[in-house]
Amino acid sequence: MINKLKKIDWVQVARWVLPYFVILVTTYLMISYQIGHRATFITGDRFLHFNRFFDTSMQIRTGNFSFFQTNFGFNESGRIFNALYGPLFAYINGFFLILCGTWFRYQILVDFAVYLVGGIGMYHLGLKAKVNEYISLMLSVLYLQFGIIVGILRANNFMAWGAALAPFVMMHAVNMVKDKKRPIHWVSLGLIMALVAQIHLLSTIFLAFTLVPFAIYGLVVTANKKEMIINFFKAVGTAIVLTANVWGAFLVVYPGNKISAPNKFNLAAHALGYGKYQFAHGAFSSILILLFVFQLLYIIFHFKDSAFVDIVTLTAWFIFLISSKYMPWNKIQGRFPKLGLTFQFPYRLIIGAIPLILLALGIVLTKIWERNVKVTNEFIAFILMFAIMQTFAGTIRTVARYTNAFKDPTHVITMGNRYKLPKNRKQIQWITRNTNNRELFEDILRGEPDYLPINPSANNLVYRKVILDHQKDYKRRISGDKMILTWTNKKKKKNRLPIVIYKRSRLIVNGKDQTNAPKNTICNPLVTAKKGKNVAVLSYQVPVWYWALLVISILGWLSFLTWWILTWVQKNHGKN
């Protein structure tokens, strides 16, 4: 045993551990002020996702599982949400919410998870393209300071998870250009795209769009065109199987229902722009712009030196351009107004472009670094550290601003479009620091249009008056996947129930089917109720074929996990 320990190259071990330790420490330093004051940043997106994961946590706690109908979260209205938005990942988050015990600890866990995944992914993307490991590490730290990924700190924007996984997707851009024999590694490509889709479906679309130029180039230069095409379809097939539960849910819900889109946004106001020191999703600071312009100028003067660097840089810059304020987004939105509801934020397009431009920059800086000119290398290190410090300062300022808002008893939350708050906002501070239960949603009331059934359009005012204002007028009990409402009438009359009805929903009131009762704009049923005690049972009829798709998806993930473990064991056993 002692001899084995002596044989270990501890310097090499330290060198291997260093990048992960740096990423971990960087993440801690970014949110240390927040951790010290136990602050939870309650924004619109975070409140929405807290609702989602509270629902799945309660399903796990009580054993009353309901894959489609929401019986615990979203004001216990029976609306559908998780089934259409990262369903399996929602249960994973619900499980960790239980383990964390409080909303604050859960938020911090998510921040660390996103940043560790994103930082490690960016570091290994650089290594895959032969970037110097120290340059790759500095670029990975820089990656955590701007763009889509920072949204997890400020507002819990879920595309930050897509940004964390984006470097792993972009590794396949490297394969498509550099591996001329096998441009598409179909197993890993199918797996990573399926994983992104299980978490944030829109990220999958943007990342696939980003890979298109690399796939075209790979198809042109490879001698194995037929094999590449076959492997492409294998990757697509793998992703389809592993996401059967996701697209299957859309096939269940959307036919026969008019589903509300999220809130509408002005596209031009949310395009990529300049921010002096701004810590934001869609703003680049001056030092970042200078670095990216340097990269563009370098390939202009060294065009065709490296086809990969050329494609990476030009692809990233093209995406920057079409996502920026230089695009006529006002005219585009005027021509296609629904984009304000579906697309919402043009800066989202840069999710794959950011790791690409940093990768191209890393390759170029590595070429310069390898010339071993001391002054030049010191300048490279200085510039990268300056960029990190500038963006890091923006992160610290923003985290401090949100932390101070939480500490302020007259402020506490940083969420617009809220409906009702407690008079004593210190109560919210106590709830987030000490609980992970429904108290948060009893003290803060807010309406969101996402995935509501509408007839003919969503109306937040109706949601507030019918559902939020009448939550306490009805007692609820959950049995399996059914929601049971009870209330008492002084006389026979019609009641507008604080629940929503979809095409496959079934509503039984006092033993009679009233699914087809008259409905308002957000499909709240107006039911006939008797004098005295009334009982309504709301359920959702899930087709058998959907459960088959869910089983296929879960078995697919378990099969790949088993295969990966066996491959890893065999590989490491062979080394011994």
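The values are calculated or read from the model by the stated rules, or taken from the named source; none is laboratory data. Predicted model, so just to flag it, every value in this text is computed and none were measured. Every residue, glycine among them, receives a Cβ derived from its backbone with ideal geometry; neighbour counts consider all protein chains shown. We work out accessible area using only protein heavy atoms, side chains counted, and drop any ligands, DNA or RNA first. Shrake-Rupley method; radii C 1.70, N 1.55, O 1.52, S 1.80 Å.
Determine how large the accessible area of residue 217 is when every protein chain is in place; take a 1.4 Å probe and give Å² rounded to the nearest 10.
Residue 217 has an accessible surface of roughly 60 Å² with all protein chains in place.
Averaged per residue, what accessible area in Å² does the chain show with a 1.4 Å probe, protein chains only?
Solvent-accessible surface per residue comes out at 46 Å².
Need one word for the stretch 128-281: rounded, prolate or oblate. Basis is the Cα gyration tensor (sqrt eigenvalues a ≥ b ≥ c); a/c below 1.5 gives rounded, then a/b vs b/c decides.
It comes out oblate by the Cα gyration axes.
What residues have an amide H closer than 5 Å to that of residue 535, excluding those fewer than 5 places away on the same chain, when H is modeled at 1.01 Å from N in the peptide plane?
510
Could you pull out every residue, at least 5 positions away or on a different chain, whose amide H is within less than 5 Å of the one on residue 157? Hs are placed 1.01 Å off N in the peptide plane, and Pro or chain starts have none.
Here 152 satisfy the definition.
Provide the solvent-accessible area of residue 396, counting protein heavy atoms only and rolling a 1.4 Å probe, rounded to the nearest 10 Å².
It works out to around 60 Å².
Determine the alpha carbon to alpha carbon distance for each of 264/325; 472/533; 420/490 and list only those over 24 Å.
420/490
Please list 3J(HN,Hα) in residue order for the stretch 371-386, calculated via the Karplus relation 6.51 cos²θ - 1.76 cosθ + 1.60 where θ = phi - 60°; whole Hz, with x for glycine and proline.
Values, residue by residue: 6, 6, 8, 3, 4, 5, 5, 5, 5, 4, 4, 5, 4, 5, 5, 5 Hz.
Quick one: with all protein chains in place, what share of the accessible area of the chain is carbon or sulfur, to the nearest percent (1.4 Å probe)? Display every interim value, and only then the final one.
Values: 17080 of 26380 Å².
Here it works out to 65 percent.
For the stretch 83-154 and the stretch 244-321, compute the distance between their C-alpha centroids and round to whole Å.
18 Å
Using Cα positions and a limit of under 18 Å, work out the aspartates and glutamates in reach of residue 465, with same-chain residues fewer than 8 apart set aside.
76, 442, 443, 448, 450, 473
Put 311, 230, 23, 216 in order of accessible area, largest first, 1.4 Å probe: what do you get?
From most exposed to least exposed: 216, 230, 311, 23.
Is there a quick way to get the dipole size of the chain? I mean about its Cα centre, with the Cβ of Lys and Arg at +1 and of Asp and Glu at -1; what is the value in debye to the nearest 20? Please report the intermediate quantities before stating the final value.
Working: 66 positive and 22 negative charges, 428 e Å.
Its charge dipole is roughly 2060 debye.
Each residue of the stretch 8-14 in order: what ³J(HN,Hα) in whole Hz does its phi give by Karplus 6.51 cos²θ - 1.76 cosθ + 1.60, θ = phi - 60°, with x for Gly and Pro?
Whole-Hz 3J(HN,Hα) from phi for the stretch 8-14: 5, 7, 5, 5, 5, 4, 4.
At 1.4 Å probe size, put 310, 469 in order of accessible surface, largest to smallest. Could you put the intermediate results ahead of the total?
Numbers: 310 15, 469 60 Å².
Sorted descending by solvent-accessible area, the residues read 469, 310.
Which value, in Å² rounded to 10, gives the accessible area of residue 479 with a 1.4 Å probe and all protein chains present?
60 Å²
Give the long-range amide H neighbours of residue 419: residues separated by 5 or more places, or on another chain, with amide H under 5 Å away, using H modelled in the peptide plane at 1.01 Å from N.
The answer is 445, 446, 447.
Report, in deg cm²/dmol and to the nearest 500, the calculated mean residue ellipticity at 222 nm for the chain, where each DSSP H run with n ≥ 4 adds -39500 (n - 2.57) and the sum is divided by the residue count. Please report the intermediate quantities before stating the final value.
Numbers: 22 runs with 337 residues, N = 576.
After summing the helix terms and dividing by residue count, I get -19000 deg cm²/dmol.
To the nearest 20 debye, what charge dipole does the stretch 412-564 have about its Cα centre, counting +1 at the Cβ of each Lys and Arg and -1 at the Cβ of each Asp and Glu? The partial results should precede the final answer.
Numbers: 29 positive and 9 negative charges, 229 e Å.
Once rounded to the nearest 20, the dipole reads 1100 debye.
Could you state the angle between the C-alpha long axis of helix 544-575 and the longest principal axis of the C-alpha atoms of the chain, as a value from 0 to 90 degrees rounded to the nearest 10?
30 degrees
Note the listed values (i) 102, 60, 47; (ii) 102, 59, 50; (iii) 90, 67, 56, then indicate which one is Cα extents along the principal axes in Å calculated from this particular structure.
(iii)
Mind checking the angle between helix 307-322 and the chain's longest principal axis? C-alpha axes, 0 to 90 degrees, to the nearest 10.
40 degrees
Could you go through the stretch 485-499 in sequence order and give the Karplus-derived ³J(HN,Hα) for each residue, using 6.51 cos²θ - 1.76 cosθ + 1.60 with θ = phi - 60°, rounded to whole Hz, and x for Gly and Pro?
9, 10, 7, 10, 9, 6, 8, 5, 6, 9, 10, 8, 6, x, 9
I need the shape label for the stretch 478-533. Rule: rounded when a/c is under 1.5, else prolate if a/b > b/c, else oblate, with a, b, c from the alpha carbon gyration tensor.
oblate
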